[in-house]
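Written out below as structure tokens is the structure these notes cover.
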Amino acid sequence: MKFAVSLTMERFSPDIPMARVKSNLLNLARMADEGGFETLWTAEHHTIECTISPNPLMTLTWLAQHTEQIRLGTSTLVAPYWSPIRLAGEAALCDHLTGGRLEFGIARGSYQYEFDRMAGGMPQQEGVAYLKELVPAVKRLWAEDYAHDGHCWKFPLAAGVPKPLQKPHPPIWVAARDPGTFDWAVGIGASILSTPLSAPPAEVAVLGEKFRKAVADHPEVPRPRLMMQRRTCVYERQQDWEVAVGHAIDYGRAFENLFQNIGTVRSGFPEAVPYESVKGKDNYNPENIRRNLMFGTPDEVIEKLLDYEAAGVDQYCLGLTFNLPFELQKKTIKLWVDEVMPVFAARERDKARQARQAARA
């Protein structure tokens, strides 16, 4: 199992200068690169200060100039906000400007607040039709001259310019939680980005089973990869858990505002909705959050990660963008590099050695 980190510029108060926000992201990106993380993922969001990323391809191009090896991924581009020609060209250019490090992650979209402003009020659930039409069109534009006559977009014969640096194209990842999206994504050869959100640990196994079924149902394509992301905070003392949980609760109430479109957003800052308005109130129980999310000492998170390994997760992604204080974000990355990664690197070496021994037997 490899490791990734999800990072996005964020601020929850106008008193925080953008220069500091930008500097924090760059600092964390460099730490992840130097620490050996496989991928840095960043999101696409609009009109909200808690996730400042109107064009993740631009953010990744900037970060590429300050990192050496880490892969750079979009998690995720929002399909209804793009046209096939524009997306094919901008993503391919990003692939060139990052030296062929782009990981192309895409989704239907989630925040109804954004859909009301970016997609004419379309219910966010309808974004899946755009996703399923957009990805094949972009792949065709990356490969050849192509004309499109679909439900969401129509255009005459056109070329994607430039073509990607990676051949045949950057790795494609699709965000999925429902079985239908798992099946469609695996069927077109895409890898899966998924998250158990704040659900109990059993959800990890459920998502892993959805992935295994989709892979089994599509033997005609090479096995793709499964990434799973959780909000993550690692600390040295067990008693420090309350700080991480407090930030997760506050962030969750802002998320409910945007996802359900039930609160107020002023100058780009979403207000936390009242606790009575949230869905899944068990997910706001402090003990449940401590248990369900990737919060803990290094030994505690190593134990939790075994569930992800058992579920067939190829890449675990540390979700660090939930208004966690910068010093705690840095501490989390450092402890992960120093104390968590070596354990799983050793497990990987042991498995490889056992496989070689079995092959010789």
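The values are calculated or read from the model by the stated rules, or taken from the named source; none is laboratory data. Only a predicted model underlies this, so the values are computations on that prediction, with no experimental measurement involved. So basically every Cβ, Gly included, is an ideal-geometry build from the backbone, and we count neighbours across all protein chains shown. Calculation scope for accessible area: heavy atoms of the full protein, side chains included, ligands and nucleic acids excluded. Shrake-Rupley method; radii C 1.70, N 1.55, O 1.52, S 1.80 Å.
Annotations
- Per-residue Karplus couplings for segment 149-156, computed as 6.51 cos²θ - 1.76 cosθ + 1.60 with θ equal to phi - 60°, are listed in order as 9, x, 6, 8, 9, 9, 7, x Hz, Gly and Pro entered as x.
- Expressed as a whole percent, the accessible area of the chain that falls on carbon and sulfur atoms is 53 (1.4 Å probe).
- Accessible area per residue, Å², segment 235-275 with all protein chains present, probe 1.4 Å: 52
- Taking amide H as placed 1.01 Å from N in the peptide plane, residue 148 has its amide H under 5 Å from the amide H of 155, each at least 5 places away in sequence or on another chain.
- Using a probe of 1.4 Å, the accessible surface attributed to residue 306 totals some 50 Å² when neighbouring protein chains are kept in position.
- Counting DSSP beta bridges with both ends in segment 104-256, the antiparallel % (nearest 5): 25
- Most positive-pole-ward Cα, 157, 125, 80, against dipole of segment 64-202 from beta carbon charges: 157
- Distances between placed amide hydrogens fall under 5 Å for residue 318 paired with 4, 5, 6, all partners being 5 or more residues away or on another chain.
- Helices in the chain, meaning DSSP H runs of at least 4 residues, each add -39500 (n - 2.57). Divided by all residues, the mean residue ellipticity at 222 nm is -14000 deg cm²/dmol.
- Among 323, 285, 24: highest mean-square fluctuation, GNM of the chain, C-alpha pairs under 10 Å: 285
- Residue 122 paired with residue 338, simple spin-label distance in nm, labels 7 Å along Cα-to-beta-carbon: 4.7
- Estimated inter-spin distance, residue 65 and residue 27, nm [label 7 Å along Cα→Cβ]: 2.1
- With 0.36 nm allotted per residue and the present C-alpha distance subtracted, the residue 155-residue 345 stretch has 63.6 nm of extension available.
- In a simple Cβ point-charge model (Lys, Arg +1; Asp, Glu -1; nothing else charged), segment 76-193 has a dipole of about 200 debye relative to its Cα centre.
- Backbone N under 11 Å from the residue 309 label point (7 Å along Cα→Cβ), restricted to segment 335-350: 341-350
- Potential lengthening of the chain between residue 144 and residue 205 amounts to 18.0 nm, from the contour at 0.36 nm per residue minus the alpha-carbon distance.
- Extension gain, residue 327 to residue 261: 0.36 nm times the residue separation minus the Cα-Cα distance gives 20.6 nm.
- Over all distinct Cα-Cα pairs of segment 54-154, the Kirkwood formula returns a hydrodynamic radius of 14.3 Å.
- Computed over protein heavy atoms with a 1.4 Å probe, the accessible surface of segment 20-146 works out to 36 Å² per residue.
- Between the amide H of residue 103 and those of 72, 73, 74, distances stay under 5 Å, these residues lying 5 or more places away or on another chain, with hydrogens modeled in the peptide plane.
- Within the shell of other residues whose beta carbon sits under 12 angstrom from the beta carbon of residue 18, the net charge comes to 0, with Lys and Arg scored +1 and Asp and Glu -1.
- Most mobile of 211, 155, 37 in a GNM of the chain (Cα contacts under 10 Å): 155
- Net charge, residue 359 excluded, C-beta distance under 13 Å - Lys, Arg +1, Asp, Glu -1: +4
- Modelled label reach - residue 177, point 7 Å along Cα→Cβ, segment 239-272 residues with backbone N closer than 17 Å: 249, 251-262
- Using θ = phi - 60° in the Karplus curve 6.51 cos²θ - 1.76 cosθ + 1.60, the 3J(HN,Hα) couplings for segment 107-124 round to 8, 7, x, 9, 7, 4, 4, 6, 4, 5, 9, 10, 9, x, x, 4, x, 4 Hz; x is entered for Gly and Pro.
- Per-pair calculated FRET efficiency, R0 = 35 Å: residue 291 and residue 352 via Cβ, rounded to 0.05: 0.60
- Nearest-20 debye value, the chain charge dipole, Cβ charges on Lys, Arg, Asp, Glu: 740
- Amide N of segment 307-337 lying under 18 Å from the label point, which is placed 7 angstrom from the Cα of residue 237 along Cα→Cβ: 325, 327-329, 331-332, 335
- Sequence-distant aspartates and glutamates (8 or more away, or on other chains) whose Cα lies within less than 12 Å of residue 210: 178, 183
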